[in-house]
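**Student:** Just passing along the structure, written as structure tokens.
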Amino acid sequence: MILDMAAVLGIVIGLVAVAAALWLAYTALSQIRQLRRELDQTQGLLNDTRQELASTRQEVSHIGQDLVQTQQELSELKAAAEVIPPPPPPLPRARSSGLEDLREQLRAAHREDDTPSEE
């Protein structure tokens, strides 16, 4: 009977060990599945980031080309500005006298022409 108790105790301990091993295996498998999902998500984010990086590089390339073109246009404008003569001097200032003063001067000039000369 003592042997039977030892055998029963061994079987119980064996079953507990098997149950613990199964539980650890299930837990490990669950963690592996979770890690796999996270890895898939991370790889998706990495692919998205790579696409954004490629798009950004393409935009930078276009901006660089635009910059080169703008610099060429600026150089052409600077060269053209050196060839253009300076603007003409400003027009003389307007007289301060009014239109009536000019009419009076014209009338006076006509009156002088109308007077007979003393010859």
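Laboratory data are not the source of any read-out in this text; all were calculated from the coordinates shown. All values derive from a computational prediction rather than experimental measurement. Glycine also receives a Cβ, built like all others from the backbone with ideal geometry; neighbour counts cover every protein chain displayed.
**Student:** Measure nothing but the geometry: give the 0 to 90° angle between the long axis through the Cα atoms of 99-114 and the longest principal axis through the Cα atoms of the chain, rounded to 10°.
**Tutor:** 20 degrees
**Student:** On a 0 to 90 degree scale, rounded to 10, what angle separates helix 2-83 from the longest Cα axis of the chain?
**Tutor:** 10 degrees
**Student:** Here's another thing I want to ask about it. Along Cα→Cβ, 7 Å out, is where each label goes; now give me the distance between the ones at Ala79 and Asp40 in nm to one decimal.
**Tutor:** 6.1 nm
**Student:** I've got another one for you. Which distance in Å, rounded to a whole number, links the C-alpha centroids of the stretch 1-45 and the stretch 60-94?
**Tutor:** Each part reduced to its Cα centre gives a spacing of 79 Å.
**Student:** In nm, to one decimal, how far is the Ala109 label point from the Ala20 one, both placed 7 Å along Cα→Cβ?
**Tutor:** Placing both labels 7 Å beyond Cα along the Cβ direction yields 12.8 nm.
**Student:** Okay, next question. If you wrap a convex hull around the C-alpha atoms of the stretch 7-80 and split its volume per residue, what is the figure in Å³?
**Tutor:** Taking the convex hull of the Cα positions in the stretch 7-80, it is 56 Å³ per residue.
**Student:** To continue, here is another question. What does the net charge come to around Thr70 if you take all other residues with beta carbon closer than 14 Å to its beta carbon, with K and R at +1 and D and E at -1? Mind dumping the intermediate values first?
**Tutor:** Details: positive: Lys78; negative: Asp66, Glu73, Glu76.
After counting each charged neighbour, the total is -2.
**Student:** Counting each DSSP H run of 4 or more residues in the chain as -39500 (n - 2.57), what helix-only mean residue ellipticity at 222 nm follows after dividing by all residues, to the nearest 500 deg cm²/dmol? Numbers along the way, then the final one.
**Tutor:** Values: 2 runs with 98 residues, N = 119.
Calculated mean residue ellipticity at 222 nm is -31000 deg cm²/dmol.
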